[in-house]
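**Q** Pasting in a structure now, in structure tokens, and then I'll have a few things to ask.
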Amino acid sequence: MKNHIVLNNVMNLGDVDSISNIIYNSIMKPNELLRPLAIKIEGNSGKELITTGIEDGNKPFRRWSKFNQIDIVEMKNNNRIIKGKYENSASYADRIFIFDNENNLNLFLTDPRNYVS
């Protein structure tokens with residue numbers, strides 16, 4: 001409510017910079033960085049996963065995660081090292097993660113920072 005009152009007062013003054021500052025400060029905390037999103041990707045091979053979505057002539061922008069092709073959800077939750085399947089893949093922070101099953105993929109998509117940190 002306080003921001004609404006201030007915003008109305010600023011609008012009366014016509015100060016666009018103050019309006020944008022109020023909106024920015026109400027949405028984001030200062031110095032807070034945007035977090036990458038985990039996104040499900042599709043591919044039938046490792047090469048497809050890396051190159052999907054890029055145009056001809058461009059270099060691939062994705063790389064394997066530091067876990068390579070190991071299902072990190074299975075590793076963290078069950079202390080088991082299992083190679084993932086290409087059909088259960090996600091991209092997070094320009095890295096590719098693959099999972100043994102769709103349940104592990106969905107767990108990762110819900111909270112990727114829990115598994116990569």
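What follows draws every value from the coordinates through simple rules; no lab data is involved. Keep in mind that this is a model prediction, so the values were computed, not measured. Every residue, glycine as well, gets a Cβ built from its backbone with ideal geometry; the counts of neighbours run over all protein chains shown.
**Q** Would you work out which of Ala90, Asn44, Phe67 lies farthest towards the positive end of the dipole of the range 35-116, given +1 charges on the beta-carbon of Lys and Arg and -1 on that of Asp and Glu, about the Cα centre?
**A** Phe67
**Q** In the range 68-117, what trypsin sites (Lys or Arg not before Pro) fall in a loop by DSSP, with at most 13 other Cβ atoms inside 10 Å? If you can, show how the numbers build up before the last one.
**A** On the way: sites: Lys76, Arg80, Lys83, Lys85, Arg95, Arg113; in loops: Arg80.
Qualifying residues, ordered by number: Arg80.
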